Amino acid sequence: MSLDSALLDAARAAFAGDAPALTLGAVQHGTEAHPEPLVRIPLAMLNRHGLIAGATGTGKTKTLQLVAEQCASAGIPVLVADVKGDLQGLAAAGEPSDRVRARAQETGHAWAPAAFPVEFLSLSGQQGAQLRATVSSFGPMLLAKVLGLNDTQTSVLTLVFKYADDKGLLLLDFTDLRAVLEWLTGDGAAELKQYGGMSKQTVGVLLREMVELEAQGAMAFFGEPEFELEDLMVTTNGVGRISVLELADVQDKPRLWSTFLMWMLAQLQASLPEEGDLDKPKLVFFFDEAHLLFDDASKALQEQIEQVVRLIRSKGVGVFFITQSPKDLPSEILGQLGHKVQHALRAFTPDDEKAMKAAARTFPKTAFYDVQETLTSLGIGEALVTVLTPRGTPTPPFATRLIPPASRMAALPPTEFAAQLASSAQVRKYAEALDRDSAREMLERSRAQTQTTSLDGPTEELPGEAVRGSSGARPAGRRTAEKSTIQKVLESPTTRAVATQLTRTLLGALLGSPRRRR
């Protein structure tokens, strides 16, 4: 069926106006595309979040690349997850080819090659600037998902975090968390009475899961210096920086990196001020392979993810989820996504057909397309698109032939990638790990002082205090109560010197994660 005037008039009505916007492509029907009007997303609506979905090989990654580089061109910093290394090419200008020229001509787009300012991040430290988070800022709920804990084990982990917060024990890396667990099942077991206690069997499970995660390299990404989220929000000469989290070397740890992305999003929500509606967002966040975040997620974690996504809009941050099918996301999350770019879906099995029907129902009704049929007939680099207008109303869905990205649509050669890392100030900034005085050192000193005191003479332990005479025996006629050894340590000058750091360890309402220090 040819493009008719009614369809074009509807597209012009949907995308008319002079509001600054990203350009996705040209309206099409069947095999015919019309270069006017162009399908666009208003910049002011990007913080209403979005979805990029479609079967493998239909062009999701290139759409992500296209939207990311246009955000950067508009002066908006971007964070993207690069699972397979396909997005390294954002740092290099695209290469003209017959295919690119043909697509540009079909869509009426004046294509020109362009490179963008890129910083590479890495959980392993091998593919970019070392991304680290302290155990305390990660919080018990996200850590429980990484460790694969059940509800009971998660509640015990939450108890441990609460105890550490109350006692001023800084949990910076896994050695700190292990030290607290061992303390609470040993010398400090009596201090758990007011928290309800915990079984040694559960602690054993936690320790085993931690050892397994450490064997996968957790010592590299739990600790300090913690990544400063301000480093994501940089513009250079009016162009937003694109931060690319390289995940090719941790592909086999999806629970870990998907949860780390959620940690970054939660920290942004907790630390950024309220902004309301802006002319353009302060940051756009692309969450690739988003289904991994929700696989096996507890109800509490899922609810708090939903809360972060809902609240972060007013902080000036837009979030795009990238996955194969809208069905991969909970309906509560899907309902908050104002922009949908749905690439082709294939119905090879009954489950595929069910997923396709569910995807079709997420689009507004249209008189111009059979949505379900269109979803099966789209080619590579084509998508069914609905966005929010500057007024915040959804457009009808339009089949869209997407324009080609301006940057290179391939990974960088190894030598070129190595040169990018060698020239990065951010790589140098986070290269060296720090080991500050924290829970492990504090508890070691407490143990040493306890052993020294026990050699001096007998003590009489009372709940919350230690009673000693000057000679080691209790004085006649009265009892001299002293603070416990651990309380002395916690009130020491060393502890007070790091007290300003404790705000980041307070359990907040969001993902069990505290607000970051300013």
Handout entry: Cβ-placed point charges (K, R +1; D, E -1), dipole of the stretch 366-440 about Cα centre in debye, nearest 20
Key = 300 debye
Practice task
Would you work out what percent of the accessible area of the chain, with all protein chains in place, is carbon or sulfur (probe 1.4 Å)?
Solution key: 52 percent
Problem - Mean separation of Cα contacts under 8 Å (6+ apart) over length of the stretch 2-142, as relative contact order % - result: 17 percent
Practice task
Rank ALA448, ALA190, ALA220 by how far each Cα sits towards the positive end of the charge dipole of the chain (+1 on Lys, Arg Cβ; -1 on Asp, Glu Cβ) and give me just the farthest.
Solution key: ALA190
Practice task
Find the accessible area per residue for the chain; the probe is 1.4 Å, ligands and nucleic acids are left out, and the unit is Å².
Solution key: 42 Å²
Handout entry: Theoretical gain in end-to-end length, LYS429 to SER331 [0.36 nm per residue, Cα-Cα removed]
Key = 31.2 nm
Fill in the blank from the handout: With +1 at each Lys and Arg Cβ and -1 at each Asp and Glu Cβ, the charge dipole magnitude of the chain around its Cα centre, to the nearest 20 debye, comes out at 940 debye
Fill in the blank from the handout: Given 413-421, 243-251, the highest-first ranking by average Cβ count within 10 Å works out to 243-251, 413-421
Practice task
Provide the packing ranking of 97-107, 122-132, i.e. peptides ordered by the mean count of other C-beta atoms within 10 Å per residue, highest first.
Solution key: 122-132, 97-107
Completion exercise
Those chymotrypsin sites (Phe, Trp or Tyr not before Pro) from the stretch 279-359 that are DSSP loop and have at most 13 other Cβ neighbours within 10 Å turn out to be PHE348
Practice task
Report the calculated FRET efficiency for LYS357 and LEU278 (r = Cβ-Cβ distance, R0 = 35 Å), to the nearest 0.05.
Solution key: 0.40
Problem - Length gained when the stretch LEU192-ILE380 is fully extended (0.36 nm per residue, less Cα-Cα span) - result: 61.8 nm
Exercise for the section: Return the distance in nm (one decimal) between the two label points of a simple spin-label model at ARG436 and THR415, each offset 7 Å from Cα along Cα→Cβ. Expected result: 4.3 nm
Completion exercise
Between the residues PHE398, HIS49, LEU66, the Cα farthest towards the positive end of the dipole of the chain, that dipole coming from +1 and -1 charges on the beta-carbon of Lys, Arg, Asp and Glu, is from HIS49
Practice task
Could you compute the FRET efficiency for ARG208 and VAL234, with r as their C-beta to C-beta distance and R0 at 45 Å, rounded to 0.05?
Solution key: 0.65
Problem - Extension reserve of the GLU373-ALA115 stretch, reckoned as 0.36 nm per residue once the Cα distance is removed - result: 89.2 nm
Completion exercise
Under the 7 Å Cα-to-Cβ spin-label approximation, LEU311 and SER199 lie apart by a distance in nanometres of 3.4 nm
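The values are calculated or read from the model by the stated rules, or taken from the named source; none is laboratory data. Values in this document were obtained by computation on a predicted structure and should not be read as measured data. Positions of Cβ are generated from backbone atoms using ideal geometry, with glycine treated the same way; all protein chains shown enter the neighbour counts. Heads up: the accessible areas ignore ligands, DNA and RNA and are worked out on the full protein's heavy atoms, side chains in. Shrake-Rupley method; radii C 1.70, N 1.55, O 1.52, S 1.80 Å.
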